[in-house]
Amino acid sequence: MTTHNDDLKALIRTIADYPKPGIMFHDITTLVRDAYGFTQTIRRMADLTAHTKPTVIAGIEARGFVFGAALAQHLGLGFVLVRKKDKLPGKTIGINYALEYGSDRIEIHADAFAADARVLLVDDLIATGGTAAAATSLIRSTGATVAHAVFVIDLPQVGGAMKLRALNVEPLSLLTYDGH
Ligand code: AMP
């Protein structure tokens, strides 16, 4: 769904070979430092996800916090932080997931979600989908429902959106980029 968002795409800076050779890094800092860009991104994320009727927003550390918290505020909803390991002070539950090289872990507070919560998951970008899939499994383990996830950017050729669909999560995104 790229059609109407070329103005936002123009505000995203793509940096070649970061953090390692061969990666095209899509840098959203130039989007959110722009008042028009940030405001429009949140409004359009809200429009794109209106049909999902979430009761709470969950954002993935760290760039998912920027968009997720702003979207929650825009919608008048609460916001839950999905954090990297050992950052949360209370009783946590977590999940390990594989990266291209090695593994990582995300955690939430064990009491973060009501059992009847309908969660909209938010991150800046979906590539392999490993992070969003892990977050989905973790949140679902509390009994909460995750049926939709929204991203500023999808890299469809990397396959993350397909991975989410296989988990019965509908991936929504404002922009797509070719390549990895
Ligand atoms: P993945 O788990 O492969 O879907 O990776 C998603 C996470 O990695 C997101 O939180 C992104 O912020 C980050 N990421 C992966 N690939 C890129 C890229 N090409 N440009 C910017 N961020 C990326």
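The values are calculated or read from the model by the stated rules, or taken from the named source; none is laboratory data. Since we're looking at a predicted model, the values are computed, not measured. Reconstructed Cβ throughout: ideal geometry from the backbone, glycine too, with neighbour counts over all protein chains shown. For the accessible areas, the whole protein counts, side chains as well, though only heavy atoms, and no ligand, DNA or RNA atoms are used. Shrake-Rupley method; radii C 1.70, N 1.55, O 1.52, S 1.80 Å.
Here are the numbers for this structure:
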quantity	calculated
Residues of region 42-65 that turn out to be in contact with a strand residue (DSSP E or B) (Cβ under 6 Å, 6 or more places away or on another chain) and within 16 Å of the ligand (Cβ to nearest atom), as a count	9
Residue list for region 119-171, filter: in a strand (DSSP E or B), more than 9 Å from the ligand (Cβ to nearest atom) and open to solvent by less than 10 Å² (accessible area, probe 1.4 Å)	Val119, Leu120, Leu121, Val122, Val146, Ala149, Val150, Val152
Filtered residue count, region 71-107, keeping only those that are closer than 20 Å to Phe151 by Cα, in contact with a strand residue (DSSP E or B) (Cβ under 9 Å, 6 or more places away or on another chain) and among the aliphatic types (A, V, I, L, M)	8
Residues within region 88-108 that are of a type in the set (Lys, Arg) and either away from the ligand (no atom under 16 Å from the Cβ) or loosely packed, with under 11 Cβ neighbours inside 10 Å (or both), tallied	1
Selection count, region 6-20, where residues are within 13 Å of the ligand (Cβ to nearest atom) and either out of contact with any His (no Cβ under 6 Å at 6 or more places or on another chain) or on the phi > 0 side of the Ramachandran plot (or both)	7
Residue that is nearest to the ligand (Cβ to nearest atom), among those in region 66-87 that are closer than 15 Å to Ala110 by Cβ and buried (at least 18 other Cβ atoms within 10 Å of the Cβ)	Val82
Any hit, region 109-118, residues being within 16 Å of the chain's Cα centre (by Cα) and buried (at least 18 other Cβ atoms within 10 Å of the Cβ)	no
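For every residue, the table says whether it meets (1) over 14 Å from the mean Cα position of the chain (by Cα); (2) not polar (S, T, N, Q).
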| residue | (1), (2) |
| --- | --- |
| Thr131 | no, no |
| Ala134 | no, yes |
| Thr142 | yes, no |
| Val158 | yes, yes |
| Ala166 | yes, yes |
| Glu170 | no, yes |
